[in-house]
Every structure is written in structure tokens, then in C-alpha cells.
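*Asks:* Below is the structure I would like to discuss, written out as C-alpha cells.
The values are calculated or read from the model by the stated rules, or taken from the named source; none is laboratory data. Here the structure is a predicted model, which is why all the values come from computation and not from measurement. For neighbour counting, all protein chains shown are included, and Cβ atoms are generated from backbone atoms with ideal geometry for every residue, glycine included. These accessible areas exclude ligands, DNA and RNA; they are computed on the full protein's heavy atoms, side chains included. Shrake-Rupley method; radii C 1.70, N 1.55, O 1.52, S 1.80 Å.
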Amino acid sequence: QVQLVESGGGLVQAGGSLRLSCATSVRTFNGYAMGWFRQAPGKEREFVAAISWSGGTTYEDSVKGRFVISRDNRKNTVYLQMDSLKPEDTAVYCCARGSRGGYSRGEAVAYWGKGTLVTVSS
């Protein structure tokens with residue numbers, strides 16, 4: 001059974017930082033793109049960032065320059081460093097695994113984590 005386990009969410013003031021982590025098994029992680037999505041209350045889930053198996057990254061425009069996605073292939077973990085957080089970043093953030101080594105926006109996700117809540121107060 002594939003499990004993606006997120007951690008690192010919480011409450012932070014606007015302008016603050018959080019780092020999200022998503023851990024999984026080596027079998028699930030190796031060779032695949034990983035990503036983060038978020039869903040704010042009353043809104044549809046949206047793409048945040050993705051990182052390919054080789055380390056190439058892509059970001060949603062509103063988080064460029066503030067968020068950084070990275071992966072540690074020895075620990076089977078993907079991270080999302082979030083700086084300069086804004087109240088509009090408040091959402092449940094879900095980790096996702098792609099179906100291949102790369103990822104293009106709009107492409108189907110193979111597996112989802114359950115999510116971790118990020119709340120940014122003004």
C-alpha cells in the first residue's frame with residue numbers, strides 16, 4: 001500500500017515560514033516526480049510545485065520566489081520550504097507522486113497524501 005505522509009503544517013503569522021515534509025517508501029519514491037498541491041476552504045485543489053526525479057522544478061506563479069520544493073532521494077522525502085507566507089496561502093497542503101520521472105502541470109497524479117493544514121494569520 002502506497003503511503004505519503006506529510007508533516008510540518010501549523011499556524012504561522014503572515015511573513016513567517018514553514019517547511020513541509022512528505023515521506024514515503026523507497027519503492028514509491030525512486031524514479032518518480034513529486035509535488036505539492038493545496039486546497040483552500042471553499043476552493044478547488046490547485047497545483048503548487050513539482051520536482052522531477054532529476055531535480056527539475058516548476059511552480060505556480062503566486063508562490064514563485066517564496067516557496068522552494070526539494071527532495072532528498074536518500075531519505076525518500078520531498079520538502080516544501082514556504083517563506084513570506086500570506087493569509088491567502090492558508091490551505092490543506094497535499095503531497096503527490098507522479099506517474100513518471102517528470103511532471104507537467106495538469107498531468108494526472110498517481111498517489112496522494114492526506115494533507116497537512118497550513119494556516120497563515122494576518
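*Asks:* Could you list all residues from the range 19-42 that are of a type in the set (Lys, Arg) and closer than 13 Å to residue 93 by Cα?
*Replies:* Of everything in the range 19-42, those that are of a type in the set (Lys, Arg) and closer than 13 Å to residue 93 by Cα turn out to be 19, 38.
*Asks:* Still on this structure, I have one more. Of (1) buried (at least 17 other Cβ atoms within 10 Å of the Cβ); (2) among the aliphatic types (A, V, I, L, M); (3) in contact with a Leu (Cβ under 9 Å, 6 or more places away or on another chain), residue 109 satisfies all except one. Which?
*Replies:* Of the numbered conditions (1) buried (at least 17 other Cβ atoms within 10 Å of the Cβ); (2) among the aliphatic types (A, V, I, L, M); (3) in contact with a Leu (Cβ under 9 Å, 6 or more places away or on another chain), the odd one out for residue 109 is (3).
*Asks:* I'm checking my understanding of the structure. Among residues of the range 34-73 that are farther than 30 Å from residue 122 by Cβ and more than 11 Å from the chain's Cα centre (by Cα), which one is most open to solvent (accessible area, probe 1.4 Å)?
*Replies:* Only one residue fits best here, namely 54.
*Asks:* A follow-up question, please. Residues of the range 74-99 being assigned to a loop (DSSP other than H, G, I, E, B) and in contact with a helix residue (DSSP H, G or I) (Cβ under 7 Å, 6 or more places away or on another chain), which ones?
*Replies:* Within the range 74-99, 76 is the sole residue that qualifies.
*Asks:* Among the candidates 119, 77, 24, single out the residue that is among the β-branched types (Val, Ile, Thr) and buried (at least 20 other Cβ atoms within 10 Å of the Cβ). Give the derivation first.
*Replies:* On the way: 119 fails: buried (at least 20 other Cβ atoms within 10 Å of the Cβ); 77 fails: buried (at least 20 other Cβ atoms within 10 Å of the Cβ).
Criteria check complete, one pass: 24.
*Asks:* Going by the conditions given, is residue 58 in a strand (DSSP E or B), among the hydroxyl-bearing types (Ser, Thr, Tyr) and more than 29 Å from residue 1 (Cβ to Cβ)? It would help to see each step written out before you state the result.
*Replies:* Details: in a strand (DSSP E or B): yes; among the hydroxyl-bearing types (Ser, Thr, Tyr): yes; more than 29 Å from residue 1 (Cβ to Cβ): no.
Spelling it out, it is not the case that residue 58 is in a strand (DSSP E or B), among the hydroxyl-bearing types (Ser, Thr, Tyr) and more than 29 Å from residue 1 (Cβ to Cβ).
*Asks:* Determine which member of the set 113, 15, 101, 31 is among the small types (Gly, Ala, Ser) and under 15 Å from the mean Cα position of the chain (by Cα).
*Replies:* 113
*Asks:* Criterion first (under 15 Å from residue 6 (Cα atoms), out of contact with any Asp or Glu (no Cβ under 8 Å at 6 or more places or on another chain) and not basic (Lys, Arg)) does residue 116 satisfy it?
*Replies:* Numbers: under 15 Å from residue 6 (Cα atoms): yes; out of contact with any Asp or Glu (no Cβ under 8 Å at 6 or more places or on another chain): no; not basic (Lys, Arg): yes.
No; evaluated as a whole, the condition is false for this residue.
*Asks:* Where the second residue is crowded, with 22+ Cβ neighbours inside 10 Å and of a type in the set (Asp, Glu) and the first is within 13 Å of residue 62 (Cβ to Cβ) and lies in the range 79-91, which pairs have Cβ atoms under 9 Å and are six or more apart or on separate chains?
*Replies:* Close Cβ pairs (under 9 Å, with a partner that is crowded, with 22+ Cβ neighbours inside 10 Å and of a type in the set (Asp, Glu)) amount to 82/89.
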